[in-house]
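**Q** Below you'll find the structure I mean.
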Amino acid sequence: MSVLTPILTPPEVKKYMTEGERFIKWDDESANAHPVILRVDPKGFYLYWTFQSKEIEFLDITSIRDTRVGKFAKIPKNHKLREVFNLDFPNNNFLHKILTVVSGPDMVDLTFHNFVSYKENVGKLQLNAEGKIPVKNIFQMFPADRKRVEAALSACHLPQGKNDGINPEDFPEKVYKTFLINLCPRPDIDEIFTSHHSKAKPYMTKDHLTKFINKKQRNSHLNDTLFPPAKPDRVQGLIEKYEPSGMNIQRGQLSPEGMVWFLCGPENSIISQDKLFLYQDLNQPLSHYFINSSHNTYLTAGQFSGISSPEMYRQTLLAGCRCVELDCWKGRPPDEEPIITHGYTMTTEILFKDALEAIAESAFKISPYPVILSFENHVDLPKQQAKMAEYCRTIFGDMLLTEPLEKYPLKPGVPLPSPQDLMGKILIKNKKNQFMPGENQDAPKKRKSLEDEVTDQPIPTEKDSTVEEGEKVPETERNLENLNEEEIKKLQSDEGTAGLEVTAYEEMSSLVNYIQPIKFESFEISEQKNHSYVVSSFTELKAYELLTRSPIQFVNYNKRQMSRIYPKGTRMDSSNYMPQMFWNVGCQMVALNFQTNDVPMQQNMALFEFNGQSGYLLKHDFMCRPDKHFDPFSVDRIDVVVASTLSITIISGQFLSERSVKSYVEVELFGLPGDPKRRYRTKVTPNANSINPIWNEDPFVFEKILMPELASLRIVALEEGGKFIGHRIIPVTAVCSGYHHVCLRSESNRPLTMPSLFVYVEMKDYVPDSWADLTMALSNPIKFFTAHDKKMKNADANNEVKPQTASIEEIQQMKNFGKLLKKQEKELKELERKMTKRKEELLQKYAAFFTEVVSQLGRNEITKGNAAELTENADNKMMELKEKLEEELLHLGEEQYDAIWKKKDQHAIELIIFLYSNTKEMKKKLEVKRLDKIQAVAKNTDKSAQERLKREINNSHIQEVVKAVKQVSSLLDSFCLFYMVSGVASNHTLQGP
């Protein structure tokens, strides 16, 4: 916990919202219209409406996906309702009174709640409860254990009968909290409380709570100056906020119940709340960001048959998506309106114009940053393409970016503009052609663009949903008959219909600027061209091939320009691939099927929830800067990046299911290939208890997370049979240390009202075992040396030297090893003796030459006239011989040096083979020893004792093997060092006088 005041604060509900407003709620199917009062509860949890019969209907605020007023709201189609609202009369003001609330568990299963106000310009929602609270509603809220609910109501002195009612004034927030404490006791928190307060006192003082916060809940990486530790005077504010007893508040004391509510409060969120807001720099080029992207956005289910809907564009954009896809096909006479559908399949059609209107309405409701429209264009008629371009201009208006920005011309070497530069703009991704003025566009039916795009879509699949008005079924058989053999092959490939895109004519080409699709050739060619404004699309299979073959080049490519990845064509059920592997190489637009709530989509939604739901996440420096080198497959440390160790203990669960079931929890990590890949799992609870199951097992440790900025943690609760209960995915860099309640999400990442897990998390820098003592000594010298002294005293007290005996096999191995060393030493001496003999022979030979020159000079008759000449000749002869001698000695020294090094290399190989063979033998013997022990243990009839002894035997076996291997490695290192030193010494000897 970095601050005592939470960053996220409760919503402020205005008074007019709680008082409510009169509306008419209507339904097109039943043609019913009922007067209601629409309100929001004072805490902002529910939207609810009260009928004249006093019946109340609730809507959880977290389930609301959108609110629409005016022309964007639903309008009655039923004739009876249209008469009631005078819709067919001219100059009616109906559009000023309508309101549609869209809710649902996911993007496809939606409910539209339609209201008409008695007043104009009402878009304000609010409510408040009237009458008594039916006890049966409380039973419905907690159906897992009715007896526990009755006992909790009884403890609060409240009615317990199914047909009873509770007066709201008898059930205020304080009583409701007491009810929850009785319904869901927290022995796990009581244990924590007991370990941190005065043993003889039933409360925790300000000083105790301050120490607990600073020791357990505070991030150890925080700077004490910028983020001061908690102090007792500020902790008093927490006691006043969470302690239910007024007497304890006055005394500055926190009771166990107050501790429960404190650990449930926003101050102890598992997430660094500042990262939920916009905290990253959005002034860097577009290629430096991961962009929330959708594939075949219009589909509501599978890829082959089912429903297409413009509503999907609204829902994906409202979910924070910034890149949506439009598969455009030519419309049929007489209107010839371009349509969107998945070509050559049984999916329904929607009008291109309707999709653009949905995009225009919702593009910037959630995020003001740029939206990319990825067109897969099969409209081969210039007239219809011109109509498409005109729709883009008129519907989007000033939102559409039609010309490059002055600061960022489309030239080699010029980077892309930033999301900040493009705020509020819509960018078109479509094939782009260059046209000469006056050129006839009708002539080329399928003209080649600058470069054909790699692909943008897979073959489709099944769907299930309801058809909206205006949707049509495509003439699949007629279209298939028009394909030639080459086109059919393309359609059946992983590229799907994307390989069949047609010519981009002038009107559509003129809308394309910073996102120009091209066919990918190679990383080298892309680097040479250095065009940041071109983008290539890859199927997941092609992208996987590239990242495994050339990961570093792929990372460098994505530093400069953008890539788009999409599912392979065989994913007929609209399943998704794991996006993590492509984020690891910096791919920006990793497009997923938003209609499918599988684990990949859950991870995508969870990560893009951060940074203010802007739809843009800044990549790590290593994936942006051209002077940095990053290999995603590295298993060692990454330069200047501090690896992390994450430890998480699953302690307990709260209100996990509406049924009484056994449950368990799984924890796993998504990240780089070199990160820990283990999926941990708790035991299944022994009893069927959904209200407060307890595990409190050993912590799950992810020891070495190489790049925490690219890793995320997934925690999922499951019923005994594997049925999903709820989950949470959190970026590792946003995880806080300490005790936390993890509020679970649904499969579509919507918050679940009650289910949560209580966990303890430790986040710290990764320290190798070999550095552990040094790290402790540096971080806390007093503690380290105190522990060291204590350890030494204990060692001295118990220091009894026990003689150790070696086995016959070990003696034999040592004897053989000694023989090998003696043999090698003898070979080296013999080699040195031979080289020394050759050197002596060479010196003797040249000594004879020198003697001959001197004796020849003595035999010559020396006169006064020739003395100088004879002496000079003799000197020249001596110098020549001396130079030859030096040259031959040098050559001989080099030969000796090479021979010795070759011999030592040979000896090193012999030693390695010897040690390796002995290591294998040692492992075999240790394995036989382990199996013998396990067989002996198997005779024990106590199964639990068997398992415990087996674990001890296996642990002991692992330690013995590791120790043996380390000894061999140490011995091998010593020999390598010996040979290196002796080699240097030999080198000095050979270079001597």
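**Q** Quick check for the range 635-765: number of Lys pairs with alpha-carbon distance under 23 Å, counting only pairs 8 or more apart or on different chains? Write down the numbers at each step before the final one.
**A** Numbers: K662/K683; K662/K723; K677/K704; K677/K723; K677/K764; K683/K723; K704/K764.
Counting lysine pairs in the range 635-765 gives 7.
**Q** Separate question: Give the shape of the range 138-239 as rounded, prolate or oblate, defined through the alpha-carbon gyration tensor: a ≥ b ≥ c are the square roots of its eigenvalues, a/c under 1.5 means rounded, and otherwise the shape is prolate if a/b is larger than b/c and oblate if not. Let's see the in-between values first.
**A** Working: a/c = 2.77, a/b = 2.49, b/c = 1.11.
Note, shape of the range 138-239 comes out prolate.
**Q** Volume per residue, Å³, of the convex hull around the alpha-carbon atoms of the range 229-304? Please report the intermediate quantities before stating the final value.
**A** Numbers: hull volume 14.8 nm³, N = 76.
Per residue, the Cα convex hull of the range 229-304 comes to 194 Å³.
**Q** Tell me, what is the per residue accessible area of the range 635-765 in Å², probe radius 1.4 Å? Don't skip to the end; give the middle numbers.
**A** Numbers: 4970 Å² over 131 residues.
Using a 1.4 Å probe on heavy atoms only, each residue of the range 635-765 averages 38 Å².
**Q** While we're looking at this one, here's another question. So how do 52-64, 235-247, 33-45 stack up, highest first, on mean other-Cβ count within 10 Å?
**A** Working: 52-64: 13.6, 235-247: 16.4, 33-45: 18.1.
So the order, starting with the most tightly packed, is 33-45, 235-247, 52-64.
**Q** List the pair-distance distribution P(r) of the range 187-268, using every Cα-Cα distance, as the percent of pairs falling in each 10 Å bin from 0 up to the bin containing the longest distance, rounded to whole percents.
**A** 18, 54, 24, 4
**Q** To continue, here is another question. Is the range 15-117 best put as rounded, prolate or oblate by its Cα gyration tensor, with a ≥ b ≥ c the root eigenvalues, rounded for a/c under 1.5, and otherwise prolate when a/b is larger than b/c, oblate when not?
**A** Details: a/c = 1.74, a/b = 1.41, b/c = 1.23.
Verdict is prolate for the range 15-117.
**Q** Okay, next question. Among 711-720, 903-912, how do they line up by average Cβ neighbours within 10 Å per residue, starting with the highest?
**A** Output ranking for 711-720, 903-912: 711-720, 903-912.
**Q** Still on this model: Relative contact order for the range 15-117 using alpha-carbon pairs under 8 Å, separation at least 6, rounded to a whole percent?
**A** Values: 180 pairs, mean separation 27.2, N = 103.
Contact order relative to length: 26 percent.
**Q** Name the residue farthest towards the positive end of the dipole of the range 650-774 from the options A734, V667, N687, assuming +1 on Cβ of Lys and Arg, -1 on Cβ of Asp and Glu, about the Cα centre.
**A** My answer, from the dipole projection, is N687.
**Q** Which shape class applies to the range 635-765: rounded if a/c is under 1.5, otherwise prolate when a/b exceeds b/c and oblate if not, where a ≥ b ≥ c are the square roots of the Cα gyration tensor eigenvalues?
**A** Working: a/c = 2.22, a/b = 2.01, b/c = 1.10.
It is prolate, given that a/c is not under 1.5 and a/b is the larger ratio.
**Q** Continuing with the same structure: How big is the charge dipole of the range 15-117 about its Cα centre, in debye rounded to the nearest 20, if each Lys and Arg gets +1 on its Cβ and each Asp and Glu gets -1 on its Cβ? Walk me through the intermediate numbers first.
**A** Details: 14 positive and 14 negative charges, 76 e Å.
So the dipole magnitude of the range 15-117 works out to roughly 360 debye.
**Q** On a 24 Å Cα-Cα criterion, which of the cross-link pairs K206/K241; K43/K74; K74/K353; K330/K431; K845/K877 come out too long?
**A** Details: K206/K241 13 Å; K43/K74 28 Å; K74/K353 18 Å; K330/K431 16 Å; K845/K877 15 Å.
Check vs 24 Å cut-off fails for K43/K74.
**Q** Can you give the Rg/Rh ratio of the range 279-399, where Rg is from the C-alpha atoms and Rh is the Kirkwood radius? Write out the running numbers ahead of the final one.
**A** Values: Rg = 15.0 Å, Rh = 15.1 Å.
Result for the range 279-399 is an Rg/Rh of 0.99.
**Q** Straight-line reach from K924: which lysines fall under 21 Å, measuring Cα to Cα and dropping same-chain residues less than 8 apart?
**A** K815, K933, K950, K963, K966
The values are calculated or read from the model by the stated rules, or taken from the named source; none is laboratory data. Treat the numbers as computed from the prediction; the structure is a model and nothing was measured. Here the Cβ is made from the backbone with ideal geometry for all residues, glycine too, and neighbour counts use every protein chain on show. Each accessible area value is taken on the protein alone, full model and side chains, heavy atoms only, with ligands, DNA and RNA left out. Shrake-Rupley method; radii C 1.70, N 1.55, O 1.52, S 1.80 Å.
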